[in-house]
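Undergrad: Input: one structure, supplied below.
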Amino acid sequence: MANESNTEKKGNKPGSNLTGEPKPRINIYWVYALIALAFIGIQFFSSRQQTIDITWKRFEQEMLKNQDVEKIIVVNKEKAEVFIKPDRIGLDRYKDIRKGTNKTNIPGPHYVLLIGSVDRFDERLEAAQKDLPDENKVSPLYENRRDLVGELIGWLLPVILLVVIWIFLFRRFNKGMAGGSGNIFNVGKSKATLFDKESKVKINFNDVAGLEEAKVEIKEIVDFLKNPKKYTELGGKIPKGVLLIGPPGTGKTLLAKAVAGEAHVPFFSLTGSDFVEMFVGVGASRVRDLFAQSKVKAPCIVFIDEIDAIGRARGRNLNIGANDERENTLNQLLSEMDGFGDNSGVIVMAATNRVDILDRALLRAGRFDRQIHVELPDLNERRDIFKVHIKPLKLDPTIDLDFLARQTPGFSGADIANVCNEAALIAARREKKEVGRQDFLDAVDRIVAGLEKKNKIISRHEKRTIAYHEAGHATASWFLKYANPLVKVTIVPRGRALGAAWYLPEERQITTTEQLFDDICVGLSGRAAEEMEFGHISTGALNDLERVTKQAYAMVSYFGMSKKIGHLSFYDSTGQSDYFFAKPYSNKTAETIDEEVHLLIDKAYERAKKLLKDNKDGWKKLAEKLLETEVIFKEDLELIFGKRPFDDEEPETDEKKKKRVKKQDAPVEPAGLFTAPPVEKQEQPQAVKNTEEEEKNE
């Protein structure tokens, strides 16, 4: 499935920028720079003087007494311009005027003298010439001058600099903050990307593997847009909203892209976070602008990805006033979808994996009329997804897609894509020319529990403890009726786990008390094995204890499986945080819940110890084999314990086998990992729950 480039998405042409606008031939900043340089040059050359500043002493002793001064002009009562007689410029004492030349026709003024005050200058000038004849005395002339060019530049240059800085900062600001046309005044405009006849999406329904049930409902929406009369003639109305619900990685956004490619109608695409901005009222303004544009393009589709960014339930924030902007955006969206305005021909599609936190008003009829659940793929759908993702790979001809699909129960489409990529990387690491079956198996293990670390330093005693711990899990799962079937047990470190046991859980729609109790017994069997063999316990059972505790509390406080608590449930299924501010039970009830959980776990722990004691020889033999081979499979357990006692209760026919294979789509769950306390939290793939454990603290 090819991803569209930004240029293709926006319909850009060569020589255009990311917004679709043509690039200017001349950068505007060069124009600003040239204007600034021109003004500076004018100022420089206009203010450049051929005059030389002198002191009163030189003026009096060299020029006045020698009668070299032709005239004196006092300018603006600030300075005196001194003109030397042409026949005197050739003297050696005036070399600073000639500057190395012998010219004597250099026009003045030649020198400039700062006079202070006019009265004081006149007195000193008269005193300096009192001994000279009257005909040789020089009388000053007075002038008032205005430098128009200099004054103009003095006023304009700061203004020009401020304008340039203002434009530069606003351009930077617009690029980072504003949407639409890149103008700060258009910050309230919609940031949706429009796909129409000029910029088409190349993905269609043929590129979407699996999701057959979801595609049936989506195709009906596309057909309505293409042939509306087919439905309106019967009195039907176009749905106003379609909400895609499902776990991450199942293909919700990909399905929306396929709708854009199939519908051949204008398609507006954006995410919930595109409505959020630092300015008050921007979100609601963008919603209004989005629907205003869509009405013009109707019939059309508006797709909002991750709608939970703006669609959270209102009034649930502890910080009063902090939610106002998001709630205003949501209110505007609600009114646009089903208000007084007529949005006929505009279908709003949205996707989320957190439908439980969405506002109830958003999910009512008339807003999102259709809620399409995009579930994890089953066996056949996983095979179809593998067909799509192995196309670019160089495969071994013996690869069986059915085998790969069976090895990845509970994997989403994104997980399967990751498996194919990891398999190719593993094959390349092994210097292979083709991707083989073992590469895919190793890729599945890599994603489920991490990369093998065979060189990790583990002491002999620790390795023995890990082996007995994992053998305890395997033994308990073998002899408990409702335990999940074992796939593989290993004591080879993977990721941050020191050991792991893989199980293939059967997908259940409901779970009984006996099934949950057997799961708790399997989880505690590793800790029980340590205590029975070594007389002490370790930190390696952390993950087991965490899952067992959560499961026990769920049985008591959620599922009503405790006699003392009775048929009560304190679970909030609405997702509206109804129990957020206070517990829905008293402190006495909380103590009773704690007591019941302790009794339940203690009972399961004693049962696990008894089971290991009754099968002590086989359990220890299994642990020693683990120490020898490091990995054991289901066949090894059959050699030690015999066939699992519960496998032959009901002979399986071909029909039952097909049904069982179809139902076994739960995640491969490496339960019972032997690990140490956590160092940091890590997110796991959606297809694998509670897979990784923390390493043992040295």
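The values are calculated or read from the model by the stated rules, or taken from the named source; none is laboratory data. Fair warning: this is a prediction, and the values are worked out from it, not measured in the lab. Methodologically, a virtual Cβ is constructed for each residue, glycine included, from the backbone with ideal geometry; neighbour enumeration extends over all protein chains shown.
Undergrad: Being crowded, with 23+ Cβ neighbours inside 10 Å and in contact with an Asp or Glu (Cβ under 9 Å, 6 or more places away or on another chain) is the filter; apply it to segment 245-271 and report the residue that is nearest to residue 300 (Cα to Cα).
TA: Residue satisfying both the conditions and the ranking: 267.
Undergrad: Would it be correct to say that residue 174 is among the polar types (S, T, N, Q), within 30 Å of residue 273 (Cβ to Cβ) and modelled with pLDDT under 85?
TA: Numbers: among the polar types (S, T, N, Q): yes; within 30 Å of residue 273 (Cβ to Cβ): yes; modelled with pLDDT under 85: yes.
For residue 174, the condition - among the polar types (S, T, N, Q), within 30 Å of residue 273 (Cβ to Cβ) and modelled with pLDDT under 85 - is met.
Undergrad: How many of the residues in segment 94-115 are surrounded by 13 or more Cβ atoms within 10 Å (Cβ to Cβ) and within 15 Å of residue 57 (Cα to Cα)?
TA: Residues flagged as surrounded by 13 or more Cβ atoms within 10 Å (Cβ to Cβ) and within 15 Å of residue 57 (Cα to Cα) within segment 94-115 amount to 4.
Undergrad: Tell me whether segment 289-312 contains one or more residues that are modelled with pLDDT under 75 and exposed (fewer than 15 other Cβ atoms within 10 Å of the Cβ). Break it down into steps so the answer makes sense when it comes.
TA: Start the filter on segment 289-312 by keeping residues that are modelled with pLDDT under 75, which leaves none.
The answer is no, given that none of the residues of segment 289-312 is modelled with pLDDT under 75 and exposed (fewer than 15 other Cβ atoms within 10 Å of the Cβ).
Undergrad: Got at least one residue in segment 477-486 being over 40 Å from the mean Cα position of the chain (by Cα), under 14 Å from residue 624 (Cα atoms) and surrounded by 17 or more Cβ atoms within 10 Å (Cβ to Cβ)?
TA: No: segment 477-486 contains no residue that is over 40 Å from the mean Cα position of the chain (by Cα), under 14 Å from residue 624 (Cα atoms) and surrounded by 17 or more Cβ atoms within 10 Å (Cβ to Cβ).
Undergrad: State whether the residues of segment 438-452 include one that is touching a Pro at 6+ places or on another chain (Cβ under 9 Å), closer than 30 Å to residue 609 by Cβ, of a type in the set (Val, Ile, Thr) and without any contact (Cβ under 8 Å) to a residue 60 or more places away in the chain.
TA: no
Undergrad: Every residue in segment 608-633 that is buried (at least 19 other Cβ atoms within 10 Å of the Cβ) and either touching a Cys at 6+ places or on another chain (Cβ under 6 Å) or of a type in the set (Ser, Thr, Tyr) (or both), please.
TA: 608
Undergrad: Those residues that are at pLDDT below 85 and of a type in the set (Gly, Ala, Ser), I need them from segment 128-156; list them, please.
TA: Those that are at pLDDT below 85 and of a type in the set (Gly, Ala, Ser): 150, 154.
Undergrad: A further question on this structure: Taking the conditions exactly as written (over 27 Å from residue 646 (Cβ atoms) and either touching a Lys or Arg at 6+ places or on another chain (Cβ under 7 Å) or in contact (Cβ under 8 Å) with a residue 12 or more places away in the chain (or both)), does residue 419 satisfy them or not?
TA: Numbers: over 27 Å from residue 646 (Cβ atoms): yes; either touching a Lys or Arg at 6+ places or on another chain (Cβ under 7 Å) or in contact (Cβ under 8 Å) with a residue 12 or more places away in the chain (or both): yes.
Against the criterion (over 27 Å from residue 646 (Cβ atoms) and either touching a Lys or Arg at 6+ places or on another chain (Cβ under 7 Å) or in contact (Cβ under 8 Å) with a residue 12 or more places away in the chain (or both)), residue 419 qualifies.
Undergrad: Being within 34 Å of the chain's Cα centre (by Cα), surrounded by fewer than 21 Cβ atoms within 10 Å (Cβ to Cβ) and assigned by TED's automatic domain parsing to the domain that holds residue 645 narrows it down to one of 498, 542, so name that one. Full working, then the answer.
TA: Details: 498 fails: surrounded by fewer than 21 Cβ atoms within 10 Å (Cβ to Cβ).
Selected residue: 542, the only one of 498, 542 that is within 34 Å of the chain's Cα centre (by Cα), surrounded by fewer than 21 Cβ atoms within 10 Å (Cβ to Cβ) and assigned by TED's automatic domain parsing to the domain that holds residue 645.
Undergrad: Further, regarding this structure: Among residues belonging to segment 272-281 that are buried (at least 20 other Cβ atoms within 10 Å of the Cβ) and of a type outside the set (Gly, Ala, Ser), point out the one that is modelled with the lowest pLDDT. Steps first, please.
TA: Filtering segment 272-281 for residues buried (at least 20 other Cβ atoms within 10 Å of the Cβ) gives 272, 274-275, 277.
From what is left, the residues that are of a type outside the set (Gly, Ala, Ser) are 274-275, 277.
Details: 274: 74, 275: 76, 277: 65.
Result: 277.
Undergrad: Identify the single condition in (1) of a type outside the set (Val, Ile, Thr); (2) surrounded by fewer than 15 Cβ atoms within 10 Å (Cβ to Cβ); (3) over 16 Å from residue 372 (Cβ atoms) that residue 213 does not satisfy, given that it satisfies every other one.
TA: (3)
Undergrad: Inspect segment 396-415 for any residue being at pLDDT 90 or above, surrounded by fewer than 20 Cβ atoms within 10 Å (Cβ to Cβ) and either charged (D, E, K, R) or closer than 24 Å to residue 210 by Cβ (or both) and give the result as yes or no.
TA: Scanning segment 396-415, I find no residue that is at pLDDT 90 or above, surrounded by fewer than 20 Cβ atoms within 10 Å (Cβ to Cβ) and either charged (D, E, K, R) or closer than 24 Å to residue 210 by Cβ (or both), so the answer is no.
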